[in-house]
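The values are calculated or read from the model by the stated rules, or taken from the named source; none is laboratory data. For clarity, every value in this text was computed on a predicted model and none was experimentally measured. Quick reminder, even Gly has a Cβ in these numbers, built from the backbone with ideal geometry, and neighbours come from all protein chains shown. Note: areas computed on protein heavy atoms with side chains; ligands, DNA, RNA excluded. Shrake-Rupley method; radii C 1.70, N 1.55, O 1.52, S 1.80 Å.
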Amino acid sequence: PQELCCPITHELFLDPVVNAAGHVYEREAIMQALRMQATCKRDPITNAQLEHINLTPVWPLKSKACAYRERTAQA
């Protein structure tokens, strides 16, 4: 399901995090995108400038992605 996938990698979330703009990404993908930006840190999808680069885990989404992964592995 698209809601369980990172908009950068298009893969199922393993470690979803939310950024200052309120968008959810796979942690490693957003960290890599932010590292590539020299000074002004921007959201990779909207290009909006971020107030800060803190990333917050999204535990419910991580649980849903894990449950989906387990269900599909059993099938």
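Numbers below:
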read-out: Long-range neighbours under 9 Å by Cβ, at least six apart or interchain, first residue open to solvent by 40 Å² or more (accessible area, probe 1.4 Å) within region 2-25, second assigned to a loop (DSSP other than H, G, I, E, B) and hydroxyl-bearing (Ser, Thr, Tyr); value: ALA21/THR46; HIS23/THR46
read-out: Some residue of region 35-46 being touching a strand residue (DSSP E or B) at 6+ places or on another chain (Cβ under 6 Å) and surrounded by 14 or more Cβ atoms within 10 Å (Cβ to Cβ); value: yes
read-out: Top-ranked residue in region 1-57 [being small (Gly, Ala, Ser) and in a helix (DSSP H, G or I); ranked as nearest to TYR68 (Cα to Cα)]; value: ALA29
